[in-house]
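The values are calculated or read from the model by the stated rules, or taken from the named source; none is laboratory data. Given the structure is predicted, the values throughout are model-derived calculations rather than measurements. Don't worry about glycine lacking a Cβ; one is built from the backbone with ideal geometry, like all the others, and counts go over all protein chains shown. The protein model used for the area step is the full one, side chains on, heavy atoms only, and it has no ligands, DNA or RNA in it. Shrake-Rupley method; radii C 1.70, N 1.55, O 1.52, S 1.80 Å.
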Amino acid sequence: MEIFLSSLVGGLAFGCIYGLIGVSFNAIYNVCHLVNFAQGHFAMLAILSWFYMTHVFKMPLPIALVASIIFVPVLFGISIQYLVAEPLVRAKRPIVSLVIATLGAGLCSEGIGGILTGFRNLFIYSPLGYETVKLGGIYVFWNYILIFGCTALLCFVYWLFLEKTKLGLQLRAAGIDDEMAALEGVNLVKIRSLAWIISATICAIAGWLVAPFIQATVLVGLSLVINGFVAAAIGGFASSFGPLLGGILMGLIVSFSYSYIQPGLGELIMFMGLIGILIFRPHGLVAR
Amino acid sequence: MQKPKMVIILIILLIIVIPIFLKSRYLFLGMYGLLGGILTLAFDFSYGYCGLFNFSIYGFLIFGGYCTALLIEKLGFPFFGTLPVSLVLTIVLAYILGKIILRLRHWLFGLASLCFSMAIYTCVSSVFSDFTYGADGIRLPDLLVFEHKVGELSYFYFLSLLAGICFYTSYRVRFSKIGRAMRAIRSNETVSVSVGINIPRYLNLGFLMSAVFSGLSGALWVQANNWATPEYFTLGINIKIFTAAIIGGVGNPMGAFIGGFLLFLLSQALIAFEQYHVLFYGIILVVFLRFFPLGILNIFQRR
């Protein structure tokens, strides 16, 4: 029973992380209709800049977090948009070459990070430490509770923004029909940059939340991309919050098969299952 | 004699003569380059001809390599016996997989094929690690023909022969009815249906060909190293293939082969500067896709 509960909690926590990355995928996809392969690199850059701000420049934590989210993922996202995505879209290149170009932009950031750190481990100590709290018979990391809280809060704020504000309305309109939205007076380039900023922010926060639990190097970007991508595909690319469901499903599968059957098998099931989902429900479990 | 024929004969003579004077380290670099050329041709077959964003090159590379290694290790096959068997197994797997995932297009196809590759990698490295010896890998015996050890030089010639066959196949397909049909599908599916092209058939064919090329190079690579381990097969290989194909120009067998050959050779030769490689690939991908989408051979032609 204890094993069951603790793998449930662990699976939920990691599922929330994958789900957040998936949500950030869709934040771009729903507006620009573009799959961004550099998504995990936002998270990687957030971890990297946290490491630099606290360990090298010795800043206090809150300032470090604000500075690193402004300087790195947001700046990187906007520069991908202006230097890579917009020119290729304007030149009417096929969508696959756009995807490869974003992959290239991610590799650039990975290369720069690798030269800075020498591909060494980035030690991120959680400000909460690794303290646990006893809940219902099992010990739960405070960090897991932080993950649940942050995920719920972020999704709530994002939902409020999308549904209740004028800017969110413009964002959704640009996603549904960009020409019509432009005729109605939506500044498309600005709205697209807003989508990149939102996506980078969500992804950066997901990176910070997961950083204390993984051996973070600059190479973590690509594996986070794949996990987030799978979560988004399971949940559905069209829906804004479907990836959260997909991510949690994924986290539970991986965590239960890790503790009950064999490590590695969960990933196999996940990849095979995703191929099945892509065949039978290509728009994901939660279609719009 | 015509001029192109002279050039071809000259190239073949150079390939035969130059390796005799090379040390084994440079021969190994050459082998790596040739395998890179075959892999890039494989990617070009699906992306450049049919427009499929194919990540499964990487999966079939592992599959071909491990098939060969396991057949030699567990059943005691000779290498030249395993080569056809593992190719047939690759074809069967590719046929089944193609039937399943070829109904997807664009990046959804890319995602499905990436999932296939990751599944194969997970199988080899962790799930069936009792069977494949996990990260320790499988040591292969030296290659024997009639109880004589095949030296590096002969293996290099064997590899160049196979690479030449692959290149020739790819080149002939490019300028045949099949290649034209595939490129028609790449540029516009609706139009190609309306002129009577059987789309699933040609896409299946392109997918199969690229799987065969990559399975072949996996098998050859494992034997060249005498060792099969998951460490050789990282996702970085797929990134190298993308970069090589984009440098060489998509849909252009000559460019793809030369790009793959040079990029794999250089990446192995400059392994001391490994930390700068990723940045280099990233810059190449972004700059080429933005400014020279037709590849390096077409930069001068366009002006």
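Selection over the stretch A:101-138 of residues that are charged (D, E, K, R), in contact (Cβ under 8 Å) with a residue 40 or more places away in the chain and more than 30 Å from residue B:289 (Cβ to Cβ) gives a count of 1. With a requirement of 2 or more residues that are at the interface with chain A (Cβ under 10 Å from one of its Cβ atoms) and open to solvent by 30 Å² or more (accessible area, probe 1.4 Å), the helices (runs of 4 or more DSSP H) lying completely within the stretch B:219-303 that satisfy it span B:274-291. Of the candidates A:225, A:218, the single residue that is within 12 Å of another protein chain (Cβ to nearest Cβ), in contact with a helix residue (DSSP H, G or I) (Cβ under 8 Å, 6 or more places away or on another chain) and modelled with pLDDT of 85 or more is A:225.
Evaluate the following for residue A:166: is it over 20 Å from the mean Cα position of the chain (by Cα), closer than 30 Å to residue A:5 by Cα and basic (Lys, Arg)? Here the answer is no, as residue A:166 does not meet what is asked.
Yes/no per residue for (1) on the phi > 0 side of the Ramachandran plot; (2) within 12 Å of the chain's Cα centre (by Cα):
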{"residue": "A:157", "(1), (2)": "no, no"}
{"residue": "A:178", "(1), (2)": "no, no"}
{"residue": "A:185", "(1), (2)": "yes, no"}
{"residue": "A:188", "(1), (2)": "no, no"}
{"residue": "A:200", "(1), (2)": "no, yes"}
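Could you grab the pairs with beta carbons closer than 7 Å, sequence gap of 6+ or different chains, first residue in the stretch A:39-59 and assigned to a helix (DSSP H, G or I), second one open to solvent by 60 Å² or more (accessible area, probe 1.4 Å) and among the aliphatic types (A, V, I, L, M)? What qualifies is A:53/A:59. Restricting the stretch B:115-129 to residues that are within 7 Å of chain A (Cβ to nearest Cβ) and closer than 17 Å to residue B:46 by Cβ leaves a set whose member that is modelled with the lowest pLDDT is B:115.
Restricting the stretch A:27-38 to residues that are in a helix (DSSP H, G or I) and within 14 Å of chain B (Cβ to nearest Cβ), which is nearest to the chain's Cα centre (by Cα)?
Taking the stretch A:27-38 as the starting set, the residues that turn out to be in a helix (DSSP H, G or I) are A:27-32.
Subset that is within 14 Å of chain B (Cβ to nearest Cβ): A:28-29, A:32.
Working: A:28: 11, A:29: 13, A:32: 17 Å.
The extreme case among them is A:28.
Scanning the stretch A:162-183 for residues that are without any contact (Cβ under 8 Å) to a residue 12 or more places away in the chain and open to solvent by 80 Å² or more (accessible area, probe 1.4 Å) yields A:163, A:164, A:166, A:169, A:176, A:179, A:180, A:183.
Could you tell me whether the stretch A:68-85 includes any residue that is small (Gly, Ala, Ser) and more than 14 Å from chain B (Cβ to nearest Cβ)? For the stretch A:68-85, residues small (Gly, Ala, Ser) and more than 14 Å from chain B (Cβ to nearest Cβ): present.
Picking from residues in the stretch A:229-265 that are without any contact (Cβ under 8 Å) to a residue 24 or more places away in the chain and more than 14 Å from residue A:8 (Cβ to Cβ), the one that is farthest from the other protein chains (Cβ to nearest Cβ) is A:261.
Restricting B:41, B:52 to residues that are closer than 26 Å to residue B:202 by Cβ, within 14 Å of chain A (Cβ to nearest Cβ) and in contact (Cβ under 8 Å) with a residue 60 or more places away in the chain narrows the list to B:52.
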